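What follows is a short report on a single structure.
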Amino acid sequence: MPVPAKGRIILEHGEGFGRRLLVSVDAKSYGRGDDQRQVAIQDGLLKVLDEAAAGARLSRAGWIRQGAGDGELAVLPEGESEPRVVDDFVRELHAALTRHNHDRTDEAWLRLRMAVHFGVAMPASNGFSGQGIVAVSRLVDSRPLRAALAATGGPLAVVLSGRVYDETVVQRHTSLAAADFRKVPVRNKEFVESAWIRVPGADVHAHDLGLDVQDDGGAQNGRDTGGDTAGEGGAGSEGGAGSGRVPSPAPGVQNQFHGTVHAHGATFGNSFR
């Protein structure tokens with residue numbers, strides 16, 4: 001492999017390719033808060049994620065984590081249990097959020113959207129690139145997920161990509177029932193897929209997610225603008241549900257994830273295989 005110049009990661013063709021379990025979490029209405037509220041959201045976010053991982057017997061020390069203030073994207077190592085993330089981690093995160101929000105006013109609640117996908121994630125010069133990163137980022141920022149969180153009033157809404165849903169929930173590798181999930185079309189920028197939403201402690205089927213409204217993610221530049229309303233939802237093709245396929249970006253577009261990366265024990269530049 002070529003020697004990196006000035007810290008850049010230089011990969012030969014095919015080197016670094018690998019598929020990983022990806023988890024993206026984003027806080028609701030971060031942009032609406034003042035400076036002190038934003039500090040509290042960031043502190044609370046890391047606290048509940050750490051508590052949830054510990055409760056689910058997952059090692060966050062081995063996760064390659066990329067923070068974004070009001071959110072986090074994590075690339076999980078090989079061997080981390082996908083069913084445990086989909087099932088136990090979500091359950092523990094809901095419990096941690098419930099504890100965190102206890103005695104807080106509704107306006108001070110920490111409310112999170114979470115997406116889980118399995119796909120390509122490759123180390124790049126300024127973070128990660130790959131269609132898996134694109135997919136999980138579009139899912140967590142999708143209008144149906146925002147609408148589910150707003151409509152149900154709970155602290156957490158979760159979306160699974162078709163592949164994760166089919167291979168963990170449908171195949172009964174978790175304690176979750178398929179009926180607890182709602183299939184929704186997601187059309188967010190170049191991403192057009194079906195996904196599966198669950199809201200712990202609520203019936204996601206009982207709420208209007210505004211699925212006749214075109215989904216543009218409800219945000220500008222991929223960040224939360226605070227526009228979460230119960231009437232927001234996604235629309236688009238059902239094509240490729242469960243296929244894990246993500247349409248290719250427009251020619252000349254390079255998909256990368258930027259920001260500080262926490263990579264305990266990780267060695268960048270080596271193959272993920």
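The values are calculated or read from the model by the stated rules, or taken from the named source; none is laboratory data. Fair warning: this is a prediction, and the values are worked out from it, not measured in the lab. Every residue, glycine among them, receives a Cβ derived from its backbone with ideal geometry; neighbour counts consider all protein chains shown.
Among the residues making up region 164-179, those that are touching a residue at least 40 places away in the same chain (Cβ under 8 Å), assigned to a helix (DSSP H, G or I) and either out of contact with any strand residue (DSSP E or B) (no Cβ under 9 Å at 6 or more places or on another chain) or surrounded by fewer than 20 Cβ atoms within 10 Å (Cβ to Cβ) (or both) are 166, 167. Just to verify a result, which residue in region 85-116, among those that are basic (Lys, Arg) and over 11 Å from residue 52 (Cβ atoms), is surrounded by the fewest Cβ atoms within 10 Å (Cβ to Cβ)? Top of the filtered list is 104.
Note on region 50-71: among residues that are of a type outside the set (Gly, Ala, Ser), at pLDDT below 95 and over 22 Å from residue 17 (Cα atoms), the one that is surrounded by the most Cβ atoms within 10 Å (Cβ to Cβ) is 70. Could you say whether any residue in region 200-211 is modelled with pLDDT under 95, of a type in the set (Asp, Glu) and closer than 19 Å to residue 131 by Cα? No: zero hits. Checked against (1) assigned to a helix (DSSP H, G or I); (2) over 18 Å from the mean Cα position of the chain (by Cα), residue 57 passes all but a single condition, namely (1). Identify all residues within region 123-135 that are surrounded by fewer than 24 Cβ atoms within 10 Å (Cβ to Cβ) and assigned to a strand (DSSP E or B); write none if there are none. Within region 123-135, 124, 127, 129 qualify.
Take the conditions assigned to a loop (DSSP other than H, G, I, E, B), touching a residue at least 60 places away in the same chain (Cβ under 8 Å), in contact with an Asp or Glu (Cβ under 9 Å, 6 or more places away or on another chain) and not charged (D, E, K, R) and apply them to residue 210. Does it pass? Criteria met by residue 210. From the list 139, 160, the lone residue that is of a type outside the set (Val, Ile, Thr), closer than 13 Å to residue 195 by Cα, under 14 Å from the mean Cα position of the chain (by Cα) and part of a helix (DSSP H, G or I) is 139.
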